[in-house]
1. In nm, to one decimal, how far is the Leu372 label point from the Lys206 one, both placed 7 Å along Cα→Cβ?
2. Keeping all protein chains in the complex and leaving out DNA, RNA and ligands, what accessible area do you get for Ile179 with a 1.4 Å probe, in Å² to the nearest 10?
3. Across segment 365-372, in residue order, what do the Karplus-derived ³J(HN,Hα) couplings come to in whole Hz, using 6.51 cos²θ - 1.76 cosθ + 1.60 with θ = phi - 60° and x for Gly and Pro?
4. With the cut-off at 19 Å, tell me which of the pairs Lys423/Lys504; Lys194/Lys223; Lys162/Lys187 have Cα atoms farther apart than that.
5. Got a sec? Which residues in segment 105-128 would a label at Arg80 touch, if it sits 7 Å along Cα→Cβ and we count backbone N under 18 Å?
6. Ranked by accessible surface with a 1.4 Å probe, highest first, in what order do Ser429, Ser340 come?
7. Could you give the distance between the Cα centres of segment 512-532 and segment 63-94, to the whole Å?
8. Could you please state, rounded to a whole Å, how far the C-alpha centre of segment 300-363 is from the C-alpha centre of segment 421-478?
Amino acid sequence: MENLKNIVPNDDFNWESYEKGENLGSGKSIEELSKTYDETLNTVKDKEVVMGTVTAMNKREVVVNIGFKSDGVVPTSEFRYNNDLKLGDQVEVFIENQEDKKGQLILSHKKARASRSWDRVTEALNNDEIIKGFVKCRTKGGMIVDVFSIEAFLPGSQIDVKPIRDYDVFVGKTMEFKIVKINQDFKNVVVSHKALIEAELEQQKKEIISKLEKGQVLEGIVKNITSYGVFVDLGGVDGLIHITDLSWGRVAHPEEVVELDQKVNVVILDFDDEKKRIALGLKQLTPHPWEALSSDLKVGDKVKGKVVVMADYGAFVEIAAGVEGLIHVSEMSWTQHLRSAQDFMKVGDDVEAVILTLDRDERKMSLGIKQLKEDPWENIEDRFPVGSSHKARVCNFTNFGVFVEIEEGVDGLIHISDLSWTKKIKHPSEFTAIGAEIDVQVLDIDKENRRLSLGHKQLEENPWNVFETLFNVGSIHDGTIIDLMDKGAVVSLPYGVEGFATPKHLVKEDGSSCKLDEKLPFKVIEFNKDARRIIVSHSRVFEDEQKGASRKDEAKSSSSPKVLQKKEAIVAQQAVEKTTLGDIGELAALKEKMKVDTD
């Protein structure tokens, strides 16, 4: 108030002229002064986009001067995409109202951007322009970005050159982007941040690759792990460590050796300037395990290891990292039967084996596990002497016999002729089955070929000694035809014996032929004990009966009176003849005696 007291009105001021709008001392009227003032201000219209200058700002508002008589106020939230906004920056604003009830100029930066957003987006795409956008939120497969007040889509694969595991860290950030796709029909915009990084990396790659040399050792960071290898960031350029170059040993998955973001030293194996491919190695930084293998290791030594790979023909066993030996399936068991290696072991099994061959130059080793057990053929004569009886398992059939296994590694053959004393067996499957148990007797030992000759029928007494008295030639037995062929028929006789009849011996009394499964009497016409063969005939049964009847008729007719008289006459005549002859003899003898006496 004290200052106000010191203010003294100008005595020369003409208030009356001022009220009338006349000359105010400057030589101009009020109207002229108002016109001059208005000319210093911009002419603006509502709903128009103009450029303005930021004159003041705080957390809530940004004051913008558009050259109008009053400044406008814009919410700070409309500039959140631009964290670098500062005093003096030129910004676009949309004039919503030149003067509200409070006389305030109402502006909107958001609407200004939106009013020409599609033009800006198209222009940015055509010019390959780098723009700024505000990451609003996360969505399925990526992020939503505010670009010129348009909600654009940022795919997860376009956020960075390396895979992103946490999308949320980008929400609320202002980032630079390139527009990669626009769909005007659906009002869709796709942006990429990765494209900016790739452009920078491309230049870095050229510089890095130009300095690369094979055999060079570099430090890198594990960027990505796949089933076939590991991608390593070498500081702007990626290289691949193939799974086979991670370790000298077998690796099921690269995660067994490295992990994401791990720092690793790698050696450059190869690179391609044009395709920008770099092949890296990790195992090459350590000596090959075969070089570190003990020099004392030799054929015959026992080793322990783990099965790492299985195949039908064998198993690969790792006895040290990168040092493997093959156990062929034939070296897994003493048995000679073909089997798969999976029958003996599986991946992950810990096994002990014997070294069979060792080639350090070729880095190859063969192993065996059957050698850990005694060879069953070493003392075969003591354990399975000729004549001894055993139980065996049927393993396989052939047309000529049955292959059996008495124990693991001890095989034998039962010839088809040694299966039964009585039955005629066409194929072993008629007698037994694969996998069945069968009693056998050792007939012969072939140690060199590791094979036993075995018999089954020999366990029983030879019934043909008895059959010789039962089926003597001429004896008649009931038989059933069990097999009928062109050359004859097989006849089932008592006691499980089989006989054979040729077609001419299968003719019945009425002239018809015998049929299959027909039961008839048969006469034994041949018996061969050594060949175990019985030849029978049905026809002979009634043929011999007919001959017997004929002989009886002849005998009966020879006993009639006339026949007897004739026979007696013949006998008498023979007697006379005999006597006459006798007499002549006696006379001759007497004559000879008399002659002697005379002399």
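The values are calculated or read from the model by the stated rules, or taken from the named source; none is laboratory data. These numbers were taken from a predicted model, which means no experiment stands behind them. Using ideal geometry, Cβ is built from the backbone for each residue, glycine included, and neighbour counts are taken over all protein chains shown. Only protein heavy atoms, including side chains, enter the accessible area calculation; ligands, DNA and RNA are left aside. Shrake-Rupley method; radii C 1.70, N 1.55, O 1.52, S 1.80 Å.
1. So the two model labels end up 6.3 nm from each other.
2. About 10 Å², rounded to the nearest 10.
3. For segment 365-372, the Karplus-derived couplings read 8, 10, 10, x, 10, 5, 5, 6 Hz, x marking Gly and Pro.
4. Values: Lys423/Lys504 23 Å; Lys194/Lys223 15 Å; Lys162/Lys187 29 Å.
Listed pairs above 19 Å: Lys423/Lys504; Lys162/Lys187.
5. Answer for this model: 108-114.
6. Values: Ser429 65, Ser340 35 Å².
Result, largest first: Ser429, Ser340.
7. Here the two parts' Cα centres lie 124 Å apart.
8. Their Cα centres are 42 Å away from one another.
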